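Below is one structure, written out as structure tokens, with a few remarks after it.
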Amino acid sequence: MSSLDAQLTAFKHRAQNQPVLPRAVVRVQNVDSLSSPTYAPSPAERNTPDPQQPPKKRQKTAIVYSQPKDTGMGQHLFTQLTYAVDYLKSHHDPISAEKIASYLSLPSITPTFLLLLRNNPKITYHADTDLYEFRPLHNIRNASSLLATLANQPTGAGLPVKELKDGYPNVEEDLKTLEQQGHILVIRGKKDGLARMVWYNDPTLNVVISDEFKQMYHDLKVPEAGDLPRELEKAGMTPASVDPRTIKKAVVEKEKRKKGRRRGRITNTHLVGILRDYTQ
């Protein structure tokens, strides 16, 4: 224990002989100096909200990220051509190149753009008047041209109303008027009632049927559905519900039964009288 006491005494002696270092003093800035113009708040103080003021609502901006912004008519030739076709489609009369350039906000139309206009399949160029006109699928723009086109149809096929709207925007109104007058036949949708197909109502096909024939027609009694095939067979007709292939097979089997076996032909008649008959 004497050695441990000696070490403890030596340690205390060394600790007392250590030099004393001066303590750093932190000076606190006066509160009045914060209101001076030279004071600049720290970034943390600027970002700290004031509890006495209500929080500001963040303004929402309606941005559609799936579509580009509308920047006008566009500078690309084909973009300008698309707008030019839509502009001509909204007008029934031919339009000059100057009006098209004014609509597209162009100082002038380049020769390349004029060439695109004249070669476009949806645009008709009138060389005699130097005007441009929209070319629809059917050259029908009023009720009279619609009736003329339907009357001159080579077949009984009608015209889709969707195709007529390409160059005839108010076709729905004229269809209602013509249908009420009995000039056309229209098929409409069940849900929306919009016209789908249109045909010409040929007055020459309207046949007047006498009352006597109507009475004869109504006096005919049609057999019941279950008795109809049997009545047709009695009249010598084949019902449509019977498969023709089964009829052919039945006829072939019946012919085979009638034919039966054929007796073989006797070809050795020259031996008659020579051979002995053992049947007796």
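The values are calculated or read from the model by the stated rules, or taken from the named source; none is laboratory data. Everything numeric here is computed off the predicted structure, so don't read it as measured data. We place every Cβ from the backbone using ideal geometry, glycine too, and count neighbours over all the protein chains shown. Quick note on the areas: whole protein, heavy atoms, side chains included, nothing else; ligands and nucleic acids left out. Shrake-Rupley method; radii C 1.70, N 1.55, O 1.52, S 1.80 Å.
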Nitroxide proxy distance, nm - points 7 Å out along Cα→Cβ at residue 177 and residue 212: 4.4 nm
For segment 113-189: accessible area per residue (Å², 1.4 Å): 57 Å²
Euclidean distance of C-alpha centroids, segment 156-216 and segment 93-153, integer Å: 30 Å
Principal semi-axes in Å for segment 93-213 [√(5λ), Cα gyration tensor, largest first]: 41, 15, 11
Inter-label distance, nm, simple model (7 Å from Cα along the C-beta direction), residue 5/residue 122: 11.4 nm
Solvent-accessible area, 1.4 Å probe, carbon plus sulfur percent, for segment 105-157: 56 percent
Using a Förster distance of 41 Å, the FRET efficiency for residue 192-residue 114 (Cβ separation, nearest 0.05): 0.45
Amide H within-cut-off set for residue 134, under 5 Å, with H built and near neighbours excluded: 124
Residue-span extension gain [residue 153 to residue 18] - 0.36 nm each, minus C-alpha spacing: 36.5 nm
